[in-house]
Amino acid sequence: MVAVMDTPATTSTKTPAPAPQRRRVSQNEPPVRYWRGGVLGLAGIYFLGPVLVALWFTVDGLDGLSLAAYTRIFSAPGFLDSMTSSLLLGLIAVAITLAIMVPTMLLVHLRLPRARPYFEVFSLLPLVIPPVALVVGVRGVLGWGNGSEFVEISTFFTALQDKSLPLVLALMYVVIALPFTYRSLDAGLRGSKVTVLVEAALNLGARWPTVLWRVVLPALRTSILNGAFLAFALVMGEYTIAKS
């Protein structure tokens, strides 16, 4: 008698198709933002467009392209004297601005933090007052000084208006450069640990001149250079005050 073994019936099952794998964006991989290029392109056109148009205007002559506008600069009468005076006035204005602002900002930042809002408002006043109004006020002061009965005062105001090097322009440039120098130094003081460095130097027995020269100035080197560059560029580009 043959024994028949029961075998389990095999059922055909369909295997599901593998789902399409989606590309996973790594958390460390920044997303691609094409609009940044568009914004940078528009900003480049906005800033470089007027410069390129002005450059084309200078080289486009009646007879075609010409560099005569640039080659005649150095041979123009009075160019070297005017350039020398402008450079000297710019350097003097930068030196006076830094000599006033660096100790003042350090004093406000370390000893008088509550006076910072008032000093900030005061530093923004040159942006509110038009240069023409500043010129009118300075002219009134100079007229009073020239007509003074005291010889010393009259001589001092006359020396400020010397045509070879009008120092009164440097003093006016200091006023209009105040907001830019203040912003640069304020950002440097807030971003660096000047307070900790100054307190450590004073606790070690250093005097204030040593602290300023060997601690504060190296810590604020970048901010001081930025403020000096902005002030010098503003002085070299200022025309309203110098012409008035």
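Descriptive notes on the structure:
- Applying the Karplus relation 6.51 cos²θ - 1.76 cosθ + 1.60 with θ = phi - 60° to the stretch 121-136 yields 3J(HN,Hα) values of 5, 4, 6, 8, 4, x, 6, 8, 7, x, x, 5, 5, 5, 5, 4 Hz, where x marks Gly and Pro.
- Ellipsoid fit via the Cα gyration tensor, the stretch 94-159: semi-axes of 31, 17, 11 Å, each the root of five times an eigenvalue, largest first.
- Two-site FRET efficiency, residue 187 against residue 52, from Cβ-Cβ distance with R₀ of 30 Å, rounded to 0.05: 0.45
- For peptides 46-58, 195-207, sequence by mean Cβ density within 10 Å, most packed first: 195-207, 46-58
- Residue 165/residue 196 FRET efficiency (R0 45 Å; Cβ-Cβ; nearest 0.05): 0.55
- Sites listed here are chymotrypsin sites (Phe, Trp or Tyr not before Pro) in the stretch 59-116 whose DSSP assignment is loop and whose Cβ has at most 15 other Cβ atoms within 10 Å: 74.
- When the GluC sites (Glu not before Pro) in the stretch 75-177 are filtered for DSSP coil states and for at most 16 other beta-carbon atoms within 10 Å of their beta-carbon, the remaining sites are 149.
- From phi via Karplus (6.51, -1.76, 1.60), per-residue ³J(HN,Hα) for the stretch 149-157 in Hz, x at Gly/Pro: 6, 7, 5, 5, 5, 5, 5, 5, 5
- Histogram of C-alpha separations across the stretch 178-220, 5 Å bin width, %: 5, 24, 28, 20, 14, 7, 2
- Calculated over the stretch 33-73: convex hull of Cα atoms, volume per residue (Å³): 76
- Average projection area in nm² (convex hull over Cα atoms of the stretch 80-126, one quarter of hull surface): 3.7
- Sequentially through the stretch 74-80, phi angles give Karplus couplings (6.51, -1.76, 1.60; θ = phi - 60°) of 6, 8, 5, x, x, 5, 5 Hz, Gly and Pro residues having no value and appearing as x.
- Computed from the C-alpha gyration tensor, the three semi-axes of the ellipsoid equivalent to the stretch 78-242 are 33, 18, 17 Å, from longest to shortest.
- The stretch 37-158: C-alpha pair distances exceeding 26 Å, %: 61
- Cβ-based charge dipole, the stretch 78-242, positive-most Cα from 108, 171, 154: 108
- Estimated from the Cβ-Cβ distance and a Förster radius of 45 angstrom, the FRET efficiency linking residue 144 and residue 34 is about 0.10.
- For the stretch 164-235, the list of chymotrypsin sites (Phe, Trp or Tyr not before Pro) that fall in a loop by DSSP and count at most 16 other C-beta atoms within 10 angstrom is empty.
- The stretch 78-242 - charge dipole about Cα centre, Lys and Arg +1 at Cβ, Asp and Glu -1, debye rounded to 20: 700
A short reminder: the numbers here are calculations on the coordinates, not readings from a lab. Source: prediction; values computed, not measured. Here Cβ is always computed from backbone atoms with ideal geometry, including for glycine, and neighbour counts include all displayed protein chains.
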